[in-house]
Amino acid sequence: MRLSTETVIARLRQTGDGDTLGGRIWRARDAAKLSIKELAVRVGVRGETISAWERDRAEPRTNRLFMLASVLGVTPAWLITGIGRAPDEGPSHSHTALREQLELVKRLHEQTGEAIAALESELERIEENIR
């Protein structure tokens, strides 16, 4: 049985991790505990290039993709498709990252509440001046 290209691509997407190439580069860099600058030096590109790859604004050429995979300790296939073994993230790293995200969301929630209160107050003041 011969499959069409579209069918093969659809099946690859179903078996992958649902992330993008840029997302996987970011995840692997994070797991390797490398900064954008450190990764850029190791791969031989500018930091802006790594950043563009991670944001899916550009894609690495084949030779750079293989260099990335080697430096990040993942396979090129995982970077491209998300199929295979993802980079290891220890439980403590994941726990710490989640704790930091929670604290950030709490701060943002508090700031949002303050912004809403300020807007409501200003709106009330304007409505009183109109009357």
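Structure summary
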{"read-out": "Peptide ranges 110-118, 22-30 listed from the most packed, as the mean C-beta count within 10 angstrom indicates", "value": "22-30, 110-118"}
{"read-out": "³J(HN,Hα), Karplus 6.51/-1.76/1.60, whole Hz, each residue of the stretch 52-62, x for Gly, Pro", "value": "5, 5, 5, 8, 6, 8, 8, 10, x, 5, 4"}
{"read-out": "Hz values of 3J(HN,Hα) by residue in the stretch 18-23 - Karplus curve (6.51, -1.76, 1.60), Gly and Pro given as x", "value": "x, 8, 9, 4, x, x"}
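Since every read-out is calculated from the coordinates, none of them should be taken as a lab result. Quick caveat: nothing in here was measured; it's all calculated off a predicted structure. Note that each Cβ is placed from the backbone with ideal geometry, even for glycine, and that neighbours are counted across all protein chains shown.
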